Amino acid sequence: MTGMDDRTPRPAPVSIFRTVMGADFERLHPELRRRFSVGLASGEACTGRGTMHRVWHGRGLVKPFLALGGTRNILVPREGRDVSFTIENVPYADGFARETVTFVRTFDLPGRARRFDAQMVLGPKGDRILDYLGTHQHLASELRFHAESDGSLLIRSGEHRFREGPVDVRVPALIGGEAEVRERFDERTGRFRIRVRVVNRHFGPLFGYEGSFTASYEDVRVRGVRTGLRPVREEARA
C-alpha cells in the first residue's frame with residue numbers, strides 16, 4: 001500500500017496567484033509563471049533588484065496625500081531618476097493563518113530610502129487577491145490579474161476600503177486611486193520590466209514608476225521572513 005502511495009503523482013505547487021488566474025496563468029511567460037508561483041507550496045521567496053528609470057508623482061495638489069501615505073509606507077512622496085530598487089516577495093502565514101505574500105518595494109531615493117509595502121492574500125472564496133497596503137494594513141484593495149497575448153501580466157485594482165477598529169468604509173473616488181501594473185519578461189536582456197501607474201479619476205495621475213530588475217530565488221525555510229518585512233498590524237476583514 002505504501003509503495004502505491006509513493007508512486008501517486010503529486011500535484012504541482014499552487015500559489016495564490018495561480019489559484020485566482022486559473023488556466024489564464026499558463027499563458028504567462030515562463031519566467032513570470034515562476035515569479036508568481038512564489039508561495040508556501042513552492043517554498044520559494046523571490047527578490048528582485050534593479051533600477052527604476054523614473055519614479056514620478058502628479059501635480060502639486062496630490063503632494064499632501066502622498067506625504068501622508070508615505071508615513072505608513074503607502075505610495076512614495078519623492079521623485080527620482082535611475083533609482084536603485086528592490087522588491088521582496090516572501091510567503092508566510094499571517095496571524096489569521098492565511099497564506100500571505102509580501103510585495104515590499106524599496107526605492108533608494110536621495111535623502112533616504114522609501115518603501116511601498118503591500119501584503120497579498122487570497123480572498124475567502126478563492127476568486128480574488130486582497131492587497132493590504134502599508135505598515136498597518138489600513139487600506140485594502142481587490143486586484144484583478146490577467147495574462148496578455150504576449151505573455152505579460154496586467155494587474156488592475158478594484159474597490160479600496162479603509163479599515164481601522166470598527167470602521168470599514170469604501171474609499172471615495174474623490175481621494176482614491178486606481179492602480180495599473182504591467183510586468184513582462186524581456187528575453188533579450190534577461191530582465192523583468194515593470195510599469196506602475198496610480199490615477200485618481202478627478203485629479204489625474206498620482207504616482208508611478210517604471211524600470212527593470214532581475215530576480216533571484218531562495219528557500220523560504222532557510223531565508224525566513226526578515227525583521228521589519230511583516231506589517232505592524234494585520235487586518236482580519238477580507
Mean accessible surface per residue for region 26-84, computed with a 1.4 Å probe while every protein chain stays in place, in Å² | 50 Å²
In nm, what is the difference between 0.36 nm times the number of residues separating THR189 and ASP82 and their Cα-Cα distance?
-> 36.8 nm
For region 41-50, what does the Karplus curve 6.51 cos²θ - 1.76 cosθ + 1.60, with θ = phi - 60°, yield as ³J(HN,Hα) per residue in whole Hz, taken in order and with x for Gly and Pro?
-> 5, 6, x, 10, 10, 10, 10, x, 10, x
Shape call, region 172-224: gyration tensor on alpha carbons, a/c limit 1.5 | oblate
Mind giving me the nanometre distance, one decimal, between the label points for THR135 and ALA41, set 7 Å out from Cα along Cα→Cβ?
-> 3.5 nm
What is the chain's relative contact order, in percent, from Cα pairs under 8 angstrom and six or more apart in sequence?
-> 21 percent
Once phi is turned into ³J(HN,Hα) by the Karplus curve 6.51 cos²θ - 1.76 cosθ + 1.60 with θ = phi - 60°, what whole-Hz value does each residue of region 89-99 show in order, with x for glycine and proline?
-> 10, 10, x, 7, 9, 7, x, 10, 6, 8, 5
Note down the nm distance, to one decimal, between modelled labels 7 Å out along Cα→Cβ at PHE96 and at HIS146.
-> 2.8 nm
Just the number, please: carbon plus sulfur as a percent of the accessible area of region 115-192, 1.4 Å probe, no ligands or DNA/RNA counted.
-> 52 percent
From DSSP H assignment alone, runs of 4+ in the chain each adding -39500 (n - 2.57), the sum over residues rounded to the nearest 500 puts [θ] at 222 nm at -3000 deg cm²/dmol
In region 46-70, which residues have a backbone nitrogen under 15 Å from the label point lying 7 Å from SER216's Cα in the Cα-to-Cβ direction?
-> 46-51
Cβ-Cβ FRET estimate between GLU234 and ARG156, R0 fixed at 22 Å, reported to 0.05 | 0.35
What whole-number value in Å² describes the accessible area per residue of region 144-238 for a 1.4 Å probe?
-> 56 Å²
Considering the chain as a Gaussian network with a 10 Å cut-off on Cα pairs, which listed residue, VAL167, VAL199, VAL181, attains the greatest mean-square fluctuation?
-> VAL167
To the nearest Å², the heavy-atom accessible area per residue of region 87-142 with 1.4 Å probe amounts to 35 Å²
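The values are calculated or read from the model by the stated rules, or taken from the named source; none is laboratory data. Predicted, not measured: the structure shown is a model, and the values here were computed from it. For neighbour counting, all protein chains shown are included, and Cβ atoms are generated from backbone atoms with ideal geometry for every residue, glycine included. With ligands, DNA and RNA removed, areas are computed over all heavy atoms of the protein, side chains included. Shrake-Rupley method; radii C 1.70, N 1.55, O 1.52, S 1.80 Å.
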